[in-house]
1. Under 15 Å from the 7 Å Cα→Cβ point of V110, by amide nitrogen: which residues of the stretch 23-49?
2. Mean projection of the alpha-carbon convex hull of the stretch 1-69 over all orientations, in nm²?
3. Within 13 Å, Cβ to Cβ, of G34, how many net charges do the neighbouring residues add up to if Lys/Arg are +1 and Asp/Glu are -1?
4. Quote the relative contact order of the stretch 150-272 in percent (integer), defining contacts as alpha-carbon pairs under 8 Å separated by 6+ residues.
5. Tell me which label goes with the value of percent of Cα pairs over 35 Å apart computed from the coordinates here: [x] 14; [y] 19; [z] 39.
6. Put one equal scatterer on each alpha carbon of the stretch 265-328, apply the Debye formula with no solvent term, and list log10 I(q)/I(0) at q = 0.14, 0.17, 0.19 1/Å to two decimals.
7. Under the Karplus relation 6.51 cos²θ - 1.76 cosθ + 1.60, θ = phi - 60°, what is the ordered set of whole-Hz ³J(HN,Hα) values for the stretch 64-72, x standing for Gly and Pro?
8. If I take R0 = 22 Å and measure r between the Cβ atoms of E67 and E185 in this structure, what FRET efficiency does the formula 1/(1 + (r/R0)^6) give, to the nearest 0.05?
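Values in this text are rule-based calculations from the coordinates and carry no lab data. Nothing here was measured: the structure is a model prediction, and the numbers come from that model. Neighbour counts run over all protein chains shown; Cβ positions are idealised from the backbone, glycine included.
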Amino acid sequence: MKSFSSTSARDLQQATKVLADARAAGQHAVIAGGGSDLLGMVKERLIAPDLIVRLAGMKDLNQIRAERGGITIGGQATLDAISRHETIRSRYTVLAEAAESVATPQIRNVGTLAGNVNQRPWCWYYRNGFTCFKNGGNTCYSAAGENHFHAIFGGGPSYIVHPSDTAPALVALDATFRIAGPKGERTVPAAQFFALPTVNPAKENVLADDEILVSVTIPEPKRTLRSTYHKVLDREAWTHAVVSAAIALDLDGDACRGAHVVLGGVAPIPWRLPEVERMLTGQRITDDLAARAGAAAIAGARPLAHNAYKLPLTQSMVQRTVSELAKA
């Protein structure tokens, strides 16, 4: 393993300056929050940083603030804190459930929201050092190889699936991401933060190498909003979603006034289903409509040789979740 140095930033200004200075000096600097994924990648020699900039000591980045008009969650807020926060559990349930579903209690105690959103893919070719698109190559070995857990939507030229549980929930809640870097700050809607491989197959989002995901702001939901996160695993122990669904419905009784339906585990980005949303909006949620929504959820899917089993899983997931929300 290559030797590296580490520094703890005292504030956001210092963190962005250290990143910029390292880049100007030709060094590879990376950000660490909880660091669980990062340190694993260093040990596996997937990355070889010269400098790790730790954000854990920046208390202002781990706050959760319920405000008039919504809630702001610091990028360094832990998944455990998010899953237990009273306001998030009651008003942004889909996010609390998504955070609660991540990994193990030990990882949720240190893992952060920014880290979960920005974690790298868990494709076995990438994680085992193959020179694929994610490792500086120009090939996706999964396309014609082992692709049981890969994309059925939005794939090509890379067929990874986005590994984050919280990302689909944030898209479903119309969150906005606050990003800081040497050139200043910018805000990006969650739905525009994640990028398909056709944009850049080496990356999963629009975050530059010298930028930091500072916080996430979610608008105040309507009192009639019901939301939930469901996740199918290939085993009971810690693992990522084979298929997941983050669904938020604005319901007046069983009548749907608005819908957000976002899938995880099936695409290189959180995969929103606008046709399903339009199908549900303005309608009474019946078992028949839920079944039709499930069928529509897999329209346009392009399974690979070994992952067509995700089609009935996705269909059933959407049908069951829509139906359960309407009856809650």
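1. Residues 32-44 fall inside that zone.
2. Numbers: hull surface 23.4 nm².
Reported value for the Cα convex hull: 5.8 nm².
3. 0
4. Worked out over the stretch 150-272, it gives 34 percent.
5. So the structure-derived entry is [y].
6. -0.40, -0.58, -0.71
7. Ordered by residue, 3J(HN,Hα) equals 10, 10, 7, 10, 5, x, x, 9, 10 Hz.
8. The pair E67/E185 has a calculated efficiency of 0.75.
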